[in-house]
Amino acid sequence: MSRVGKKIISHPEKVKVEVKDGRVFVQGPKGSLERKFPDFLEVHLTPQGVQVKRKNELRSTREQHGLFRTLLMNMMVGVSQGFEKRLEIIGLGMKAQPEGEILKLTLGFTEPVHFRLPPTVQAKVEANTKITLSSPDKELLGSVAAMLRNLRLPEPYKGTGIKYHDEVIIRKVGKSVGAVGA
């Protein structure tokens, strides 16, 4: 049995889990999430928590057993505590301004970029250059952060662009001027 998949997920008392019609519904103080689980897996509610079991021993089933258990655990953590991604904008004149569900980004293009955030993702901007995204859905949060970063990837010579807070940009050395008249 999968080492990760056989672990029981203990859920906080604030989180409500329901299994119905091949779907798992998780509800907590930060919101509610749902996910359809594959036919070859079963989700059982026990007094200790939630357990994911597989119906057969095929290789593909064993491969996805631990994955689905981790996705289910991320749903429970998301609705109880939430997830955060932090981005930084580096560059002269580059900044971000939240306007409701739209994030207005000035990234050195001729026009500002208006990025519409999904309903479950919230953005906070500090000092016009530090963006903090938060959401109960870890998967959606990661894809939104990646889309924002792809609007202006950090370039290796000056380091300008949008980067993750803990990302290290390896800088390249620019061209050096050779000896004149050699």
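The values are calculated or read from the model by the stated rules, or taken from the named source; none is laboratory data. The structure displayed is predicted, hence computed values, not measured ones. Note: ideal-geometry Cβ built from the backbone for every residue, glycine included; neighbour counts use all protein chains shown. Surface areas here come from the heavy atoms of the whole protein model, side chains and all, with no ligands, DNA or RNA. Shrake-Rupley method; radii C 1.70, N 1.55, O 1.52, S 1.80 Å.
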message = For the stretch 57-68, check the following and say yes or no: at least one residue is outside any loop (DSSP other than H, G, I, E, B), at pLDDT 90 or above and open to solvent by 50 Å² or more (accessible area, probe 1.4 Å).
response = no
message = Tell me the residue from Pro118, Pro154 that is part of a loop (DSSP other than H, G, I, E, B), open to solvent by less than 80 Å² (accessible area, probe 1.4 Å) and in contact (Cβ under 8 Å) with a residue 40 or more places away in the chain, please.
response = Pro154
ask   = Could you list, in sequence order, the residues of the stretch 17-51 that are in contact (Cβ under 8 Å) with a residue 40 or more places away in the chain and part of a strand (DSSP E or B)?
value = Val17, Val24, Val26, Gln27, Gly28, Gly31, Ser32, Leu33, Arg35, Val50, Gln51
message = Can you say whether Leu141 is within 23 Å of the chain's Cα centre (by Cα), part of a helix (DSSP H, G or I) and either free of Cβ contacts under 8 Å to residues at least 60 places away in the same chain or surrounded by 15 or more Cβ atoms within 10 Å (Cβ to Cβ) (or both), as far as the supplied structure shows?
response = yes
query = Only one of (1) part of a helix (DSSP H, G or I); (2) of a type outside the set (S, T, N, Q); (3) modelled with pLDDT of 90 or more fails for Ala96. Which number is that?
reply = (1)
